[in-house]
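Below is one structure, written out as structure tokens; comments come after it.
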Amino acid sequence: VAVFALALLLPAHAPSAPVDDSRSWEFSVLLDGSKIGYHRFELLQRGDMQEVRSEASFDVRFLFVTAFRYRHSNRELWSDDGCLTRIESNTRQNGDRLSVQGARVGDAFRLETVERTDTLRDCVMTFASWNPEFLEQSMLLNPQSGEYLRVNVEPLGKQPVTVRGEQVDAMAYKLKASKLELTVWYSDDDEWLGLESVARGGRIIRYELT
């Protein structure tokens, strides 16, 4: 019933506005140095709105058997005031399925997951690494789980990072939120260059820009 109610709040799909500009990022995803998949992002400028689409696919194999399989797709719409206006994400993690849907209605953001419905009152941002302004936020929405998390951001200064097969120096920032721990890297002109996270058991997931 709750999912149906939220669907009534979301606008029906209509022909998309023309694309004024676009950017894209494609990352190889490595687990402890071994490639396990990819994560792609596309940013489309449509008038005064931004549309961000992402797709991820990971497979972790052990002795020729797939021990972990992950598929994720996400679509976000952002207004020119830097606030999220809509999100639709779907995730398959082995046998588990997660879904997040949300829409800005007036001065509130209505959020629906498999487990709950929430109403968020602030200008909502996700972990939008493509936009370094997300580093200025104290609360961020996890687009996979729908959790609204308090975050702590720590500048780490310049560090080496692999970009398109070469080592470059980039500004690094560490984010901590609940069980999440991320490091992101940016160029001097704020281009997103890489990401690293600590997975279960202390294993390292790393995004390298290709």
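The values are calculated or read from the model by the stated rules, or taken from the named source; none is laboratory data. Computed from a predicted structure; not experimentally measured. Methodologically, a virtual Cβ is constructed for each residue, glycine included, from the backbone with ideal geometry; neighbour enumeration extends over all protein chains shown. Surface areas here come from the heavy atoms of the whole protein model, side chains and all, with no ligands, DNA or RNA. Shrake-Rupley method; radii C 1.70, N 1.55, O 1.52, S 1.80 Å.
Each residue was assigned an accessible area with a 1.4 Å probe, and for ARG61 the value is about 150 Å². In terms of its alpha-carbon gyration tensor, the range 161-210 comes out oblate; a/c meets the 1.5 threshold, while b/c is at least as large as a/b. Counting only protein heavy atoms and a probe of 1.4 Å, the accessible surface of the chain is 48% carbon and sulfur.
Around SER22, with a cut-off of 11 angstrom between Cβ atoms, what is the net charge of the other residues, counting Lys and Arg +1 and Asp and Glu -1? Net charge around SER22: -1. Within the full protein context, the accessible area of ASP21 is estimated at about 90 Å² for a probe radius of 1.4 Å. Accessible surface for the range 22-108, divided over its residues, is 53 Å² per residue with a 1.4 Å probe.
For LEU31, the solvent-accessible surface with a 1.4 Å probe is about 20 Å², rounded to the nearest 10. If eta is 0.692 mPa s and T is 37 °C, what Stokes-Einstein diffusion coefficient results for the range 99-139, Kirkwood Rh from Cα pairs, in µm²/s? After rounding, the answer is 290 µm²/s. Take the range 143-210 with all the other protein chains still there, run a 1.4 Å probe, and you get 57 Å² of accessible area per residue.
For the chain, the average shadow cast by the Cα convex hull is 12.8 nm², which is a quarter of the hull's surface. Summing +1 for each Lys or Arg and -1 for each Asp or Glu among the other residues whose beta-carbon sits under 14 angstrom from that of ARG116 gives -3.
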